[in-house]
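The values are calculated or read from the model by the stated rules, or taken from the named source; none is laboratory data. Predicted model only: the values in this text are computed from it and were never measured. Heads up, the Cβs are rebuilt from the backbone with ideal geometry, glycines too, and the neighbour counts pull from every protein chain shown. Note: areas computed on protein heavy atoms with side chains; ligands, DNA, RNA excluded. Shrake-Rupley method; radii C 1.70, N 1.55, O 1.52, S 1.80 Å.
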Amino acid sequence: MTRHTLWAGSVLCCLLLAVPATAQDRADPTVVVTGQRDPLRLRERPQAASRLGLTSLETPASIEILTQEDLQRRGLRTMRETFNDVVGAIAGNVPGNPAVISLRGFSGNTVAILQDGVRVSASTVVQRDTNNWHYDHVEVLKGPASVLYGEGALAGVVNKVTRKPVLGERRADLLLSGGSFDTLFAAAGVNLPVDATIAIRADASYQRSDSLYDVDRNATFSGGLTTSLLWRPDDRVSLLVAIDHFEDRYASSYQGLPLIPAAYAERPSDAVRSTAGLVADRALRRRNYNPLGAYSGADDTTIRSRLDWAAGTGWTVAVDLTAYTADRAFLLADSQTFVAPGAAFPHGGFRQSFQDFRHDHRFWNARGVIGNDRNVAGLRNRFSLGLEHNATYFISLRRQAPAAVLPTLDVRNPAVVAVPDGTGVFTSLNVTFDSRLRQTSLFAEDALNITPRWLLVGGVRWDHIALDRATIQNVGGAIDRNQPGFDPVSWRTGTTLEATRGVTLYAQYTTAVSPVSSVLLASIANSRFRLTSGRSYEAGIKASGWSDRATLTAAVFRITQRDILTRDPANPTLAVQGGRQSSQGVEASVAVVPLTALRLSGGASWTDARYDRLVELIGGVAVDRTGKRPINVPATTVNASALYSIGRAVTVGGFLRHAGAFYTNTANTIRVAGHTVLDASVSAPVASGLTLTARVRNLTDAFYGEYSGYPATNVYIGAPRSFDIALSARL
């Protein structure tokens, strides 16, 4: 039985459970835009922002929430597409780091990714481009959050909140869609009450495509299965137990479109420009130069539980237990160097090296938090104190073969070659990293109402991080071992003030820490460096009016990071800490419901990001990068949507995404032009409980660079115009 059959069967099982369970309780899920109150969800309590139960209005930080309804309305299928819809963010599908996100001038392991409030490791290790069907909503807390989640949360936090059981409710959800590039998506979920105190929820999803980017030999598969049980014997106690499993596979790996000299391009475009004369050739749009048998894939399983107890007199207790296991593999041509035309390759060729690296990842975490909400000297005070401990066991095989192992490929007509055979070809690098990481954290938060409208918020966190890292040479068996330890302290202080009815002002100062690279993937040399330090200043406004039919949030911010790796000017071959990076900018989001049938929403950001001090070693020479912009960071982003319902029969939607130009290297010599993408949709009920939606993506068939791959001379080109049709049901 194939993997595809198993996942399709999981979806079918959920559907078979759902239909009889809800047959007597069908509701009409017709997609109709309504005059939604609080469209930016300022009164909701995002768990990513605080453990005090603060609403978004009470939190002195920028928070964006995308619900499952938002995701389906906008046609967002995967986490990469979801991240791209966040104000101020862009994302890409780099093979070693699918759905990598850039936010507020920083990217990679400076943005923490959580699932149900738990951070397993750096996002560059754990994040995959999973189906977002399984998430009730996605919370994005912008700006440093080390005070909540420890190292690696300098630029922000993304919390993926899975669907949970609801007591006393029989409900089923279904989504089937198919479209361009032979893309098929099927998902089903069911909520079943067992009795008055117990309910269960199960969701399954399956997606396959010849290529979401419309690239040769780049078939993709992803599947998910999430199940949970909720027991609430009374109003004071609840216990949630859940199991989540996700799988994905990209056959063959793909690093984006390699750039070539303009003189040899058949259809040169303006999508990319470089000082060396490299361009993106439209004629190579669908080419994949990776060898046959190269792939990227992962499967991970999480078992978790959460106990909540309202102990009385304002006291609460929460205990979270999490166990996680994952296996990942990345086999790819990690460099593609252009070779000028000659007798063998009249159009030019690509010389490639090859890399094989794998992860065996095990993790467990225990966290306990006590909280209190009561009046102190006549003032409302909310307080929490928590203790967290986790352990990580991480083994990573990394092997690299030199360029001579793979044959040079013709640019226009690349031959399909196989991956290198035998362990003896991995001579450039052949090591195993064996890491044991233990972390203990103590944290506290407090929110004091000086007046009913004026709130002071503060928090502090201490982490003890102990790493035992061994680098084992697979040939010869030599071992290099290092055991660094870190004890960072992070803190924040902020305030919110309801200046007038419907208008809240806020300000916050926050500190954060991040390693010079991922703790689990850092080389022995890098693991000996201390953590980098960061700080942020942010001020903003959150407002609603017109009977809550119009909502606005806006913020100005500045983030600085010190002690990033640079080069010693006196000895350029020596890597030292002392570099600096910063970003500052403005963000705004607005949602308006001027008519019952019309909803307008949008957001925009402007970010000035730069290296304040950075020296790199290029060809043995120290080169100053001070003043350059970090890679994959556009100066501007804009998104907007409009939904209009014609009676209760048809809903028409239009969606816009724009990102400004960005660079693929720290020298800023390769510039990817800004782009604007338009999507459109039409939805209509076709039967009781069923809605049909037709969608056009990239309506203008724009040819644009979405994200840089690796090496820096590779750029991911966004998918061309495509179509899909979906049938959804809420029963």
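For the range 653-664, does any single residue satisfy the condition of being at pLDDT 95 or above, open to solvent by 60 Å² or more (accessible area, probe 1.4 Å) and either closer than 18 Å to Arg80 by Cβ or among the aliphatic types (A, V, I, L, M) (or both)? Yes, that holds for at least one residue.
Filtered by the rule that a residue be at pLDDT below 95, open to solvent by 40 Å² or more (accessible area, probe 1.4 Å) and basic (Lys, Arg), the range 274-293 gives Arg286, Arg287. Considering the range 197-283, the qualifying strands (runs of 3 or more DSSP E), each wholly inside and each with 3 or more residues that are of a type in the set (S, T, N, Q), run over 198-209, 219-234. Where strands (runs of 3 or more DSSP E) fall entirely within the range 651-731, those with at least 2 residues that are of a type outside the set (A, V, I, L, M, F, W, C) and under 17 Å from Gln255 (Cα atoms) are at 705-708, 714-717.
Rundown of residues vs (1) over 28 Å from Pro165 (Cα atoms); (2) buried (at least 18 other Cβ atoms within 10 Å of the Cβ); (3) at pLDDT 95 or above; (4) charged (D, E, K, R), yes/no style:
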{"position": "Ala186", "(1), (2), (3), (4)": "no, yes, yes, no"}
{"position": "Ile198", "(1), (2), (3), (4)": "no, no, yes, no"}
{"position": "Ala202", "(1), (2), (3), (4)": "no, yes, yes, no"}
{"position": "Val215", "(1), (2), (3), (4)": "yes, yes, no, no"}
{"position": "Thr220", "(1), (2), (3), (4)": "yes, yes, no, no"}
{"position": "Gly224", "(1), (2), (3), (4)": "no, yes, yes, no"}
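Within the range 302-320, the set of residues being open to solvent by 40 Å² or more (accessible area, probe 1.4 Å) and under 23 Å from the mean Cα position of the chain (by Cα) comprises just one member, Ile303. Can you name the residue in the range 387-402 that is open to solvent by 30 Å² or more (accessible area, probe 1.4 Å) and among the hydrophobic types (A, V, I, L, M, F, W, C) and, of all such residues, is nearest to Thr440 (Cα to Cα)? Applying the filter and picking the extreme gives Leu387. Just one of the listed residues (Asp270, Asp248) is in contact with a Pro (Cβ under 9 Å, 6 or more places away or on another chain) and among the acidic types (Asp, Glu), and it is Asp248. Taking Ser238, is it open to solvent by less than 30 Å² (accessible area, probe 1.4 Å) and out of contact with any helix residue (DSSP H, G or I) (no Cβ under 8 Å at 6 or more places or on another chain)? Against the criterion (open to solvent by less than 30 Å² (accessible area, probe 1.4 Å) and out of contact with any helix residue (DSSP H, G or I) (no Cβ under 8 Å at 6 or more places or on another chain)), Ser238 qualifies.
Of the residues screened, Arg367 is not one that is over 21 Å from Ser121 (Cβ atoms) and in a strand (DSSP E or B).
Restricting the range 323-347 to residues that are small (Gly, Ala, Ser) and either in a strand (DSSP E or B) or touching an Asp or Glu at 6+ places or on another chain (Cβ under 8 Å) (or both), the residue that is surrounded by the most Cβ atoms within 10 Å (Cβ to Cβ) is Ala333.
Taking each residue of the range 213-242 that is at positive phi and looking for partners that are of a type in the set (Phe, Trp, Tyr) with beta-carbon atoms closer than 7 Å, six or more apart or interchain, yields Asp214/Phe181. Scanning the range 614-643 for residues that are open to solvent by less than 40 Å² (accessible area, probe 1.4 Å), of a type outside the set (A, V, I, L, M), more than 13 Å from Ala667 (Cα to Cα) and not in a strand (DSSP E or B) turns up just one, Pro634. Between Ser708, Ser681, the distinction of being at pLDDT 95 or above, in contact with a Gly (Cβ under 9 Å, 6 or more places away or on another chain), open to solvent by less than 20 Å² (accessible area, probe 1.4 Å) and not basic (Lys, Arg) belongs to Ser681 only. Here Val431 meets the list (1) touching a residue at least 40 places away in the same chain (Cβ under 8 Å); (2) buried (at least 18 other Cβ atoms within 10 Å of the Cβ); (3) within 30 Å of His464 (Cβ to Cβ); (4) out of contact with any Lys or Arg (no Cβ under 6 Å at 6 or more places or on another chain) almost entirely, failing just condition (4). Taken over the range 394-428, residues that are assigned to a loop (DSSP other than H, G, I, E, B), without any contact (Cβ under 8 Å) to a residue 24 or more places away in the chain and either within 19 Å of Phe357 (Cβ to Cβ) or under 34 Å from the mean Cα position of the chain (by Cα) (or both) amount to 2. For the range 550-613, the strands (runs of 3 or more DSSP E) that sit wholly inside it and include 3 or more residues that are over 20 Å from Leu154 (Cα atoms) and open to solvent by 60 Å² or more (accessible area, probe 1.4 Å) are 571-595.
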